[in-house]
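A.B. asks: The structure that follows is given in the form of C-alpha cells.
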Amino acid sequence: VSSSSSEHDDRARKQAEAKLETVVQYVHRLRHIEECSGAGECSVTDEEILSALGFSSESLARAAISIEALREQYHDREDALEYIYELPLEICVRTGWEPVGGPRKRLADEYYILLCSGGPAVRIWGELDDYGEPCTAVLEYQDWFTEWVPHTGGHQHKDELLEFARCFSYTMP
Ligand SMILES: [Zn+2]
C-alpha cells in the first residue's frame, strides 16, 4: 500500500465518519421526540439543537431566530423526518437471481442509500426482508477506482443506521 492510497483511504473514511455522525444525530433526534414533548424538562442542550438543525451561533444571530423557536422546531417529528429525507442523494434497490420462466419476484433483495458521491463516496448498504423492509444496514465508503469498504465505526451504530434506512420505502411503483 503506497502512502498516497492510504491517504485516500483516510480521506474517504473521514467522509464516512462525518456522514455517520449526521445519520446518528438525526436518528437520535427522532428517538428523543418519541419521549419528550419539548415542554418542561428536556435533556437536549442548545448546542445539540443548533448542530442538529444546521445552525451555528453566528448564523442563528444572522437569521434572527430565537433558540426557543429552534427548540420547538427540534421537537417537531415532521421536521425531523424532512431532515432525514433530504440526506440521501440516491436510493437504489437490486433484485437477485430470477428463475427463467418466472414468476418474477415482486420485491428487491438489497438496497443502498447514497449519502455522498464521487471520491470519496459514502453509502448505507443492506438487505431487505420478505416485506421489503431493511433488515441489515452497513456504512460503506469508496474512493475513486476502489471497491466499497465497510466502515468499522458504523458497526457500533448499526441500530441507528437501520432505523435511518427504515425511514424510506423500497417498493417500486
Ligand atoms: Zn426534549
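The values are calculated or read from the model by the stated rules, or taken from the named source; none is laboratory data. Keep in mind that this is a model prediction, so the values were computed, not measured. Cβ sites come from the backbone with ideal geometry, for glycine too, and all protein chains shown count toward neighbours.
A.B. asks: Among the numbered criteria (1) at negative phi; (2) free of Cβ contacts under 8 Å to residues at least 60 places away in the same chain, which single criterion is violated by Gly40?
C.D. replies: It fails just one condition, (1).
A.B. asks: Looking only at residues in region 15-71 that are assigned to a loop (DSSP other than H, G, I, E, B) and within 29 Å of Gly118 (Cα to Cα), which one is modelled with the highest pLDDT?
C.D. replies: Initially, region 15-71 is screened for residues assigned to a loop (DSSP other than H, G, I, E, B), giving 36-45, 53-56, 64-66.
Still in the list and also within 29 Å of Gly118 (Cα to Cα): 53-56.
Numbers: Leu53: 96, Gly54: 93, Phe55: 92, Ser56: 87.
Per the stated criteria, the residue is Leu53.
A.B. asks: To continue, here is another question. Anything in region 129-173 that is at pLDDT 95 or above and aliphatic (A, V, I, L, M)? List them, or say none.
C.D. replies: Ala137, Val138, Leu139, Leu161, Leu162, Ala165
A.B. asks: Continuing with this model, one more query. Collect the residues in region 90-130 that are surrounded by fewer than 10 Cβ atoms within 10 Å (Cβ to Cβ) and of a type in the set (Phe, Trp, Tyr), keeping them in residue-number order.
C.D. replies: Matches in region 90-130: Trp97 only.
A.B. asks: Looking at region 145-159, is at least one residue of a type in the set (Phe, Trp, Tyr), farther than 14 Å from Glu110 by Cβ and assigned to a strand (DSSP E or B)?
C.D. replies: Start the filter on region 145-159 by keeping residues that are of a type in the set (Phe, Trp, Tyr), which leaves 145, 148.
This time we only want the ones that are farther than 14 Å from Glu110 by Cβ, so: 145.
Subsequent filtering for residues that are assigned to a strand (DSSP E or B) retains none.
Checking region 145-159: not a single residue is of a type in the set (Phe, Trp, Tyr), farther than 14 Å from Glu110 by Cβ and assigned to a strand (DSSP E or B).
A.B. asks: Please state which one of Asp130, Asp109, Asp79 is closer than 22 Å to Asp159 by Cα and within 16 Å of the ligand (Cβ to nearest atom). Can you show your working first?
C.D. replies: Working: Asp130 fails: within 16 Å of the ligand (Cβ to nearest atom); Asp109 fails: within 16 Å of the ligand (Cβ to nearest atom).
One residue alone meets the criteria, Asp79.
A.B. asks: If I filter region 28-40 for residues that are over 17 Å from Tyr85 (Cβ atoms) and of a type in the set (A, V, I, L, M), do I get at least one hit?
C.D. replies: Yes: one or more hits.
A.B. asks: Now a separate question. Tell me the residue from Glu17, Glu7 that is closer than 20 Å to Glu147 by Cβ and surrounded by fewer than 12 Cβ atoms within 10 Å (Cβ to Cβ), please. Break it down stepwise before answering.
C.D. replies: Numbers: Glu17 fails: surrounded by fewer than 12 Cβ atoms within 10 Å (Cβ to Cβ).
Every option except Glu7 fails the conditions.
A.B. asks: Still on this structure, I have one more. Could you list, in sequence order, all residues of region 72-110 that are farther than 22 Å from Gly38 by Cα, in a loop (DSSP other than H, G, I, E, B) and either basic (Lys, Arg) or in contact with a helix residue (DSSP H, G or I) (Cβ under 6 Å, 6 or more places away or on another chain) (or both)?
C.D. replies: Start the filter on region 72-110 by keeping residues that are farther than 22 Å from Gly38 by Cα, which leaves 85-110.
From what's left, in a loop (DSSP other than H, G, I, E, B): 86-89, 95-109.
Residues satisfying the conditions are Arg104, Lys105, Arg106.
A.B. asks: Are any residues in region 1-60 within 11 Å of the ligand (Cβ to nearest atom) and of a type in the set (A, V, I, L, M, F, W, C), and if so, which ones?
C.D. replies: Ile33, Cys36, Ala39, Cys42, Val44, Ile49, listed by residue number.
A.B. asks: Counting only residues that are surrounded by 12 or more Cβ atoms within 10 Å (Cβ to Cβ) and of a type in the set (Lys, Arg), how many does region 56-89 have?
C.D. replies: Count: 1.
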